[in-house]
Structures are given as structure tokens and as C-alpha cells.
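Undergrad: I'd like to ask some things about the structure below.
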Amino acid sequence: MLTKDLLRVSRAGGGYHPQFAKREHRPLAARVVGTYQGHAGETRGDLGDALADLEADAPDFKLVRGFAALLERDATFETEAPIGPERARRAAFEAAEAVGVVTDDDRSAALADAADSLACSAADLERSLYADLEERQVLTAVDARWDPDDLIAQYNLSLAQTALFDATELRVRSSDPKALVSAVKRLRLMYDIHVPDGETTDTLHGGAADRASDREVVVTGPTHLFRATRRYGTRFARLLRSIANADEWFLEATIDDRGTDRRLSLSHEDPIEVPDADPVADVEFDSSVESEFAARVSALDLEWNLVREPEPLATGTRVMIPDFAFEYCHGGFRVFLEIMGFWTPEYVEKKLTQLEGLEDVELVVAVDESLGVGEEIAARDFRAIPYSGTVRVKDVADVLREYERQLVAESAADLPDEIRPDADVVTLETVADEHGVSEDALEAVAFPEHERVGRTLLRPATLEAVGEEIDAGVALSDAEAVLESYGASDSSAILSELGYRVEWEGLAGGTVVER
């Protein structure tokens, strides 16, 4: 991006048209590159004078300054002085106070005294006094990444990015919608996806497209954000690099031009290219937030399976691609999670209500509390989770448990009052799986032919038979072998039911004794 004062746009016809550099400006770009390279070893002030001469001959001084601003990022300026400037000034001021400088002779005497105190010449001292001023810094190296053609390409891209910084909304159609949506999500921009009636979402999730006129991605612009506008605006402008990489693309933006809405239209037919050179300051994506979150979720024993990058969800002519999906282990229910790096209360509300028309689909949003105004959504429901830096797994787990309670209650209501398993010994987990419910849903169910011992169901006769084969004083390993022969593994609960406990003997094992 360029600074706002270097923006070159035309407002003819009420529009907002960037004034791109053209082939005819290549000689000027070459002269700017040559000016930087030719002033290696000279001061910034001398370089500035040379660039001012170029501005006088150029069709637009902003064009020269724009080229120079891009090259400046590859230039290294250093303070060159025999004596550290601050140290030199301190010595000179102390000597001047002692001498009482009034005339030029007094000044020379003070500098001589200061030089003596620093063991240097008066000339070196005077050369060092203000060597750290910006205009006196020396251009020590120019490692330009661009030749004149690449400089023009980078200028045009940067000019368009600067123009987009004041956008309230951006509407994009691309021949590579998957890459476009992926970039929008990685940049954590606020977005919507519109799909024409009758079209599938395949092209938004890995399918190929040969046109750029059907699907539209609508991105909220920086001026609609209440905080962190600069950070969001930088990411917003950064999106143009991904857009311009497609073979065909069309972009339309609404620009807030000092209170007046203007329309900016760009496409692959404009002279916007993405140079091979990487940008000086790349944007850090927030994918680390997702990666860390996924790793921490996988370490928990939840009743949910985590799915990264689930399929797009279509609601009429709109599409949503959440970051995660949590699949309930005991049925086809899904809860989707969207992590929002930027948000407004209205955006959160829109996202939460967007999927209300879909059956068995719920959405939870995690909002970065450092970028919004939390008090404005103080009345939000449990599906909105604030986070700072990283999404806390506990907060998400709490929300999932809210859904679990509802699902358990619903599944329990569909269960019969009594269940009579065929097996003599069966775990509650097995019964729950057979009925497609969680174990918690079985709490109110009666098992008239079995006794519930811990998480295991045993027929009374089987429990009695087990008791007859286990006596006090046997090794725990022997008792467990008896239980395994009956298909039971919950040794602690069953031994307790039979009136025994385990007396441990260090790490060597244990002995079954009466309680």
C-alpha cells in the first residue's frame, strides 16, 4: 500500500478510478530506480533533491513519490559519524556553557574544547553533531527487488490497495472462488457469499470454475469497523493480491470519499498484476488460532468429533463456510464454529441467525473481544464466545454441553421406559450405541432383568455366579480373569457390589479383601 497522500484517482462521472501507471511511464520508473542506485553513499537530503528534480519534469509529482515510496522500503539509511551524535552534542553544549558562546570565535573555541575532551578533531566533532538528522543519514545500500516493469506493476497494485482502504463494501466474482474464499477466511475478514438460485456450492469448496460471473463474495470494508480499522484495512487491502491472481475476476467497491459514496470497479482487464517479489511486510494470518484450538480439542474426551474445514452450508442464495464442525457421537447432529478475528454486533447477530432455517444445524461464534465493543452484545446468547488471543476450549466445551443436555433430553424422551438386553453382561456404552444415544440418556431407563453395577448391566444370576468364584484373599489379577470370562471389565464397581475391596501391595498388585 501507499500512504493516502500519494493516492491518484479520478472522480470523473461520480466514480472513483485509480490512475494507474502505464507503459509510457517506464522511463520515469527507470529514472527513479537509477536515482536511488546512483545515490548510494550520499545523504538522504541529496537523494531528496534529486527526486525533486525528477518531480519537476514528471507528468504528476505523486507518481514519482509513489515509485520512490516503494523503493524506499528496499533502501538502507545509516548514521555515519566519527563520534556518536548524542555524545558529541552533550560535549559541545557543556563546553559552550563554560565558554559562554556569543561570537563565531567563541563557538570555535567551544568546539575545540569539546573535541579535546573527546580526543577527536574539531572537524570530526562538528560533522558528528547532527549526523543523525534524517536528511543527513547516508544511503548505504539499495537492494531493489524490482526492475522498472516490476516497479510499475507493484505501484499499480499498491495504488489499488490504497484506494480500497476507504471501502465500505467489496463485491468480488472470481474464476477461482475457492482461493478467494480461502484468502478471505485466512485474513479473518467479515464476509458473505451469494450463490445464484439452483447453483451448487461445489465451486466454493474445491470445484473448478471457468467463469467469474455467478458467485459473489461480499466483504465488509474497513470503514464499517468500529475498532482496529488500520489493522483490518491492511488485511482488507491485502486481499487484492489473492483476487488478482485469478485468471478472471471482477471487483466492485463502494468507497467512502470524505462522506460521499463512490463506486470503484476493477477487473482482470486493468493493469493490476501481482509481482513475483514478496511484499515487504506480509500479513500474519490467524490460522495459528485454529491450529492451536484443534490440538487442544483433540486432547479432550468429548462426546463430539472435530471436523476442520467442513463443507459449505447453503441457506437460500447465501453460503457460509465455518472453520470447524463438531459432530455429536450419538446421532447426526452438528454444531459449527466460526472464529471471528473482526466483528460488529450486527455481524455476530447475522451469523448466528443465518442457519436458523437448516434442520439439525447450529452455529457458535468466537469473537475477539480485544477488537470489538463487548458491552454492545452483552445480551448475546450462549452461542457467542468472547476470546482474547486464543479460543478457550473450556468455553467451547461449555457450549457443547448445553447442546448435549438438550440432545440427551430429546433422545431420552424417545427411549422406552424399559430395556431388556439379550446378553447376560453388557455395558451401558453398548446399549447406548445400539439405541443411538449417549449413556446419560439411559439414566431414567429401567432394566428389569439386569442389575446396574457401575457402567455395566448384569443379570442377578450372573452376578451371583461371579460372586461364587471370587473369595477374599485372591489376587486382583485372578479376580479380573474371572470377570473377563463373563465379559465384564468394570472390576472396581463389581467387586464393590460383591462386598470386596482391593488392598494394594505397592506396585506389585493387589489382593481382594472383604470390606
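Each reported figure results from applying straightforward, stated rules to the coordinates on display, with no laboratory input. All of these numbers come straight from a predicted model, not from anything done at the bench. Backbone-built Cβ (ideal geometry, glycine too); neighbour counts: all protein chains shown.
Undergrad: Can you tell me the Rg and the Dmax, both Å, for the Cα atoms in the stretch 415-515?
TA: Radius of gyration, then largest Cα-Cα span, for the stretch 415-515: 14.8, 46 Å.
Undergrad: So between Glu311 and Ala112, what do we pick up on full extension, going 0.36 nm a residue minus the alpha carbon distance?
TA: Details: separation 199, 0.36 × 199 = 71.64 nm, distance 7.79 nm.
My answer for the length gained is 63.8 nm.
Undergrad: Given a Förster distance of 35 Å, report the FRET efficiency between Glu135 and Ala98 from their Cβ-Cβ distance, rounded to the nearest 0.05.
TA: 0.70
Undergrad: Sequence gap at least 6, Cα distance under 8 Å: using those rules, report the relative contact order of the stretch 332-467 to the nearest whole percent.
TA: Computed over the stretch 332-467, the figure is 17 percent.
Undergrad: Provide the descending list of Cα extents for the stretch 68-131 along its principal axes, expressed in whole angstroms.
TA: Result, largest extent first: 48, 23, 16 Å.
Undergrad: Please sort by residue number the GluC sites (Glu not before Pro) in the stretch 419-515 whose DSSP state is loop and whose Cβ has at most 16 other Cβ atoms within 10 Å.
TA: Sites meeting the loop and neighbour criteria: Glu443, Glu449, Glu505.
Undergrad: Collect residues whose amide H, placed 1.01 Å from N in the peptide plane, falls under 5 Å from the amide H of Phe336; neighbours closer than 5 in sequence don't count.
TA: For Phe336, whose amide H was placed from the backbone, the distant partners under 5 Å are Phe326, Glu362, Leu363, Val364.
Undergrad: Still on this structure: When the Kirkwood hydrodynamic radius is evaluated over all pairs of different C-alpha atoms of the stretch 1-113, what value in angstrom, to one decimal, is obtained?
TA: Mean inverse Cα-Cα distance, inverted, gives 17.9 Å.
Undergrad: Grab the beta carbon distance between Glu449 and Leu358, set R0 = 56 Å, and tell me the FRET efficiency rounded to 0.05.
TA: Values: r = 42 Å, r/R0 = 0.74.
Efficiency, rounded to the nearest 0.05: 0.85.
Undergrad: Taking just the C-alpha trace of the chain, give me its Rg and Dmax in Å.
TA: 36.0, 118
Undergrad: So which of Lys62/Lys351; Lys22/Lys351; Lys62/Lys350; Lys178/Lys350; Lys22/Lys350 end up more than 32 Å apart by C-alpha?
TA: Beyond 32 Å between Cα atoms: Lys62/Lys351; Lys22/Lys351; Lys62/Lys350; Lys22/Lys350.
Undergrad: Which log10 I(q)/I(0) values, to two decimals, does the stretch 377-462 give at q = 0.22 Å⁻¹ under the Debye formula with one point per Cα?
TA: Results for the stretch 377-462 at q = 0.22 Å⁻¹ read -1.00.
Undergrad: For a quick size check, give me the Cα extents of the stretch 304-343 along its three principal axes, largest first, whole Å.
TA: Taking the Cα atoms of the stretch 304-343, the three principal extents are 31, 26, 14 Å.
Undergrad: Then there's this: Find which of Val307, Pro148, Ala75 sits farthest along the positive direction of the dipole of the chain, computed with +1 on the beta-carbon of Lys and Arg, -1 on that of Asp and Glu, about the Cα centre.
TA: Pro148
Undergrad: Provide Ser182, Ser485 in ascending order of the number of other Cβ atoms located within 10 Å of each residue's Cβ, fewest first.
TA: With the fewest neighbours first, Ser182, Ser485 line up as Ser485, Ser182.
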